[in-house]
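Working notes, beginning with the structure itself.
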Amino acid sequence: MTQIRAATILPARRTPITLTTADGLNLVGELALPADRDPVGTLVCLHPLPTHGGMMDSHIIRKASYRLPALADLAVLRFNTRGTESERGKSEGKFGGGVTEKHDVEAAVGYAAAAGLPHIYLLGWSFGTELTLMWGALPPVEGAILLSPPLRRATDEDLDTWAASGKPLIAMVPELDDYLRPEEARQRFARVPKATVIGVDGAKHLWVGENYVRIVLDEIVRTVNPAALHDGALPTDWEGTP
């Protein structure tokens, strides 16, 4: 029995992928699948602001790919938006301020759909939540989970577009966020009938600390594959060697 820690990497089939956008760019990424079975749900991950260090290896997204294929039978697709670099490599193009990244979102969702991955949900964090709200209400997408939504680039019009799609939305908002806190978030998201705002006591924008990572991952799984939870939470130990 192994305790799952911050750096634990659980078994999965991990494959480097390349996404090609409608405007001709190649984006680097990775698809993680359960090691020995088909996934029951899919996360397409949209990372924080690349001009402030956000990338496909941002810690919540990385830990989702390390743990959730094994613990929750989820496929986790993560990638670098245009101009973004990580250990996996650098995606072509340059930062588009959330505008030209429309093509990046479409390419990632299109890849997941073409691969036959089931029950596609977007997982956006910070800047990734803006991309989700602005461009993510695509036909293959069943819903979205937002972490630390700033609601700066995404406008009320984008919220109305999401509302019109009828897709569910879960917004996890840190109590001590630098940009948008739970009370204001509830007011802003009130225009989306299927939005649920979850305030997280003590958390900050970057979700630093293993306790907050587990709160986030538990909520993701509660949304996408609740059957994987035991007494409301994911296991904290792994039988065998990671």
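The values are calculated or read from the model by the stated rules, or taken from the named source; none is laboratory data. Given the structure is predicted, the values throughout are model-derived calculations rather than measurements. Positions of Cβ are backbone-derived with ideal geometry, glycine not excepted, and every protein chain shown enters the neighbour counts. We work out accessible area using only protein heavy atoms, side chains counted, and drop any ligands, DNA or RNA first. Shrake-Rupley method; radii C 1.70, N 1.55, O 1.52, S 1.80 Å.
General remarks:
- Considered as a group, the residues in region 87-128 that are in contact (Cβ under 8 Å) with a residue 60 or more places away in the chain and at positive phi include one that is surrounded by the most Cβ atoms within 10 Å (Cβ to Cβ), and that residue is Ser126.
- Considering Tyr121, Tyr111, the condition of being of a type in the set (Ser, Thr, Tyr), outside any loop (DSSP other than H, G, I, E, B) and over 21 Å from Val173 (Cα atoms) is satisfied by Tyr111 alone.
- With respect to the conditions (1) open to solvent by 60 Å² or more (accessible area, probe 1.4 Å); (2) within 30 Å of Asp73 (Cα to Cα), Ala203 lacks only one, and its number is (1).
- Residue pairs whose Cβ atoms lie under 7 Å apart, separated by 6 or more positions or on different chains, with the first residue in region 202-221 and over 13 Å from Lys63 (Cβ atoms) and the second surrounded by 17 or more Cβ atoms within 10 Å (Cβ to Cβ) and among the aromatic types (Phe, Trp, Tyr), are Ala203/Tyr212.
- None of Asp218, Asp160 is of a type in the set (Asp, Glu) and under 25 Å from Leu117 (Cα atoms) except Asp218.
- Residues of region 12-53 that are open to solvent by 40 Å² or more (accessible area, probe 1.4 Å), part of a strand (DSSP E or B) and out of contact with any helix residue (DSSP H, G or I) (no Cβ under 8 Å at 6 or more places or on another chain): Thr15, Pro16, Thr18, Asn26.
- Members of region 56-80 that are basic (Lys, Arg) and touching a Lys or Arg at 6+ places or on another chain (Cβ under 8 Å): Arg62, Arg78
- Identity of the residue in region 209-226, touching a helix residue (DSSP H, G or I) at 6+ places or on another chain (Cβ under 8 Å) and either open to solvent by 30 Å² or more (accessible area, probe 1.4 Å) or not β-branched (Val, Ile, Thr) (or both), that ends up nearest to Thr129 (Cα to Cα): Leu217
- Lone qualifier among Leu169, Leu229, Leu176 - being among the aliphatic types (A, V, I, L, M), open to solvent by 30 Å² or more (accessible area, probe 1.4 Å) and more than 20 Å from Asp57 (Cα to Cα): Leu176
- Checking Ala137, Ala144, Ala164 one by one, the residue that is farther than 28 Å from Gly202 by Cα, free of Cβ contacts under 8 Å to residues at least 40 places away in the same chain and touching a Ser or Thr at 6+ places or on another chain (Cβ under 6 Å) is Ala137 and no other.
- Check on Leu234, open to solvent by less than 80 Å² (accessible area, probe 1.4 Å) and either in contact with a Leu (Cβ under 6 Å, 6 or more places away or on another chain) or of a type in the set (D, E, K, R) (or both): yes
- For region 230-242, a residue qualifies if it is at negative phi and touching a residue at least 24 places away in the same chain (Cβ under 8 Å), and the qualifying residues are Leu234, Pro235, Thr236, Asp237, Trp238, Glu239, Thr241, Pro242.
- Residue match in region 83-105 (condition: in a strand (DSSP E or B) and among the acidic types (Asp, Glu)): yes
- For region 54-81, the set of residues classified as of a type outside the set (Gly, Ala, Ser), surrounded by fewer than 22 Cβ atoms within 10 Å (Cβ to Cβ) and not in a helix (DSSP H, G or I) consists of Asp57, Asp73, listed by residue number.
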